[in-house]
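The values are calculated or read from the model by the stated rules, or taken from the named source; none is laboratory data. Owing to the predicted nature of the structure, the values given are computational and were not obtained by experimental measurement. Cβ coordinates were reconstructed from backbone atoms using ideal geometry, including for glycine residues, and neighbour counts include every protein chain displayed.
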Amino acid sequence: MLRNQKDLFYLGNDVHYLNNAYMSPNLKSVEIAGIIAVRKKNHPYMVQIDDFFKPLEHLKKTFAKIVNCENYERIAITPSASYGLANAAKNINCGNKSKIIIPEGQFPSNYYVWEKLAEEKGLTIEIIEAPKNAENRGKIWNERIINAIDRNTAIVACAHVHWADGTKFNLKEFRTACDRYETYLIIDGTQSIGALSFDIQEIKPDVLVSSGYKWLFGPYGIGFAYYNERFDDGQPIEENWINRKNSEDFKSLVNYQKEYKPFAQKYCVGECSKFVDIPMMQTALDQIYAWGVDNIQGYSEELISPYLTAFTDLGCKIENEDFRANHLIGVKLASHMNIDELANMMKKRNIHISARGNSLRLSTSVYNSKRDLDQFYSVLLENAG
Ligand SMILES: Cc1ncc(COP(=O)(O)O)c(C=O)c1O
């Protein structure tokens, strides 16, 4: 079991930050890595040819370890989740299939790209709605998605954990259903990778994307994408010289190369050597690896578990534990509670949280403590009527 890690961050004692799903705070070590990296360019002659390639490779290897991907060359560096998805959409062969399945309310980066593809290829988007009733909501929603996958389904695009309400999708079952029809399974892991175990070899997504500034504790503007063998012969959305074969040979760069580097490396964003972002992201991933993703999830579980019955006793609704994780939980408010009033009270007391519909999104990480949860609970209690 991890102990509280707040001393590795700058968050003050009077701040109750329950919003890692919005953006993680910097680790002190990540800030330092960034400052050192920014200063390096004060002396550009210190930036060596190896610096374009080796840190990039090391970072991909570390991310590959975290998601249990056996070949780090299947990992690309992206500036955002949407970038990774754009490369996916460009290279999907829809054949004569006619629909794309998306569970209701996916983050826009995982919607617009499919809407556009559907318009271009004459496909329809089938949004699978969440049940209106809270009873068995996650279970029924998962079943609805699985039942909708049929021979006409080209793509299932969804998150592992829903960004707004925390519903956990049963990706292994989605994979089994997709396999029947060679349907692409495209996962947005932005709200789970780093906080909830994700095993590429077990889930076998066709594509997994994640931005890096939430549960991966990196800076804003760097993320990751994994592409399986169905994308090996694909074309990237941009032609970045670093991704071409032999780009390490700076003397011969204008001996233009037809060939890309192998596997998914062609999908890396231009200037993927990101001299500031990469050392920061590397420091963050090293820390996550040292903590262990299961321990991070376990920390949130231990923190949140004692409060869940207390929340439901006040009339709030929480998803059944089989269909939620512990790091991001939607607390659906009791009907007499006013979300705007609650959100205002929280703000005044330095409790930072997101309001989504009639739910408060409670997201916790290793820097949170019982004190933060007590503060949150006290506001609910005062509004219990
Ligand atoms: C589920 C999910 N995906 C993606 C993103 C970010 O997308 P992008 O990196 O394209 O800005 C967010 C941000 O909140 C998110 O919650």
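Give the residue, chosen from Ala81, Ala76, Ala89, Ala37, that is of a type outside the set (Phe, Trp, Tyr), under 26 Å from Leu285 (Cα atoms), surrounded by 17 or more Cβ atoms within 10 Å (Cβ to Cβ) and out of contact with any Gly (no Cβ under 9 Å at 6 or more places or on another chain).
Of Ala81, Ala76, Ala89, Ala37, the one residue that is of a type outside the set (Phe, Trp, Tyr), under 26 Å from Leu285 (Cα atoms), surrounded by 17 or more Cβ atoms within 10 Å (Cβ to Cβ) and out of contact with any Gly (no Cβ under 9 Å at 6 or more places or on another chain) is Ala37.
Reported count of residues in segment 25-75, each being in contact with a Leu (Cβ under 8 Å, 6 or more places away or on another chain) and either among the small types (Gly, Ala, Ser) or part of a loop (DSSP other than H, G, I, E, B) (or both), is 3.
Hey, any hits in segment 314-331 for a residue that's small (Gly, Ala, Ser) and either under 19 Å from His160 (Cβ atoms) or crowded, with 20+ Cβ neighbours inside 10 Å (or both)? Yes.
Here is a check on your reading of the model: is Asn19 polar (S, T, N, Q) and not assigned by TED's automatic domain parsing to the domain that holds Asp188? In short, yes.
Among the criteria (1) exposed (fewer than 14 other Cβ atoms within 10 Å of the Cβ); (2) under 25 Å from Lys6 (Cβ atoms), the one Tyr299 does not fulfil is (1). Scanning segment 210-219 for residues that are within 9 Å of the ligand (Cβ to nearest atom) and assigned to a loop (DSSP other than H, G, I, E, B), we see that the one that is surrounded by the most Cβ atoms within 10 Å (Cβ to Cβ) is Gly212.
Kindly evaluate Thr124 against the criterion of being at pLDDT 95 or above, among the hydroxyl-bearing types (Ser, Thr, Tyr) and either within 15 Å of the ligand (Cβ to nearest atom) or surrounded by fewer than 21 Cβ atoms within 10 Å (Cβ to Cβ) (or both). Outline the logic, then answer.
On the way: at pLDDT 95 or above: yes; among the hydroxyl-bearing types (Ser, Thr, Tyr): yes; either within 15 Å of the ligand (Cβ to nearest atom) or surrounded by fewer than 21 Cβ atoms within 10 Å (Cβ to Cβ) (or both): yes.
Here the answer is yes, as Thr124 does meet what is asked.
Scanning segment 92-110 for residues that are hydroxyl-bearing (Ser, Thr, Tyr) and surrounded by fewer than 18 Cβ atoms within 10 Å (Cβ to Cβ) turns up just one, Ser98.
Quick check: is even one residue across segment 227-235 within 12 Å of the ligand (Cβ to nearest atom), in a strand (DSSP E or B) and not assigned by TED's automatic domain parsing to the domain that holds Lys317? So far as segment 227-235 goes, no, none of its residues is within 12 Å of the ligand (Cβ to nearest atom), in a strand (DSSP E or B) and not assigned by TED's automatic domain parsing to the domain that holds Lys317.
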